[in-house]
1. Using Cβ counts within 10 Å as a stand-in for footprinting exposure, how do 63, 54 rank, fewest first?
2. Under a crude label model (7 Å from the Cα following the beta-carbon direction), how far is residue 83 from residue 109 in nanometres?
3. Test of understanding: ordering 115, 143 by Cβ neighbours within 10 Å, fewest first, what list do you get?
4. Along the Cα→Cβ direction, 7 angstrom out, place labels at residue 100 and residue 28. What is the inter-label distance in nm?
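Every number here is computed from the coordinates shown, using simple stated rules; none is lab data. Bear in mind the structure is a predicted one, so any value in this text is a computation, not a measurement. So basically every Cβ, Gly included, is an ideal-geometry build from the backbone, and we count neighbours across all protein chains shown.
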C-alpha cells in the first residue's frame, strides 16, 4: 500500500513539473518582443530601448510577499551587471502614490513600469502567477520564464550559460 501511495506521489510530482515547464515555455518567443509602458515617475520605456543587452522583466505587486523578497536581489543584479537590465512591471490596479509609498520601504533600483491590468502588454498578457520573471536575450526574444520566486543566482546561471553558448555559436 505504501508503495502505491509513493508511486502516485512520484507521478504527481512529475506531472506538476511538466505543467510548470509548459507554462513557462508559453512566455518564450521566436521573434523579438517590444512594447512600451509608462514609467513610475514619468516617461515611457520600451523594451527595444535595451536591445543589445539582456533584459529581466519581472511582474510583481505590492501585496505579493515573494515579490518583495526578490526586490533586493533584483536590484543588486541590475546595479552590478552591465549586461543585464531589470525592469519591474507593477501588475496592480492602484495609483502612483501607493506604489511610491511601497517603494520607499521596499526599494528597487531598477525602472518600475506601470501595467494596465485590463490591457496587459502582448505577447505576455496577464501573468499566470506573481512573481513572474521573463528573460529577454540580447536580440529581444523571450528565452526563459520563471513562474514564482526566482533568485539572482538562477537568472545569472541562465544568462551566463546562454551567453556562452551564443558566443561559441558565433563565427
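1. 63, 54
2. Calculated label separation equals 1.9 nm.
3. 143, 115
4. 4.1
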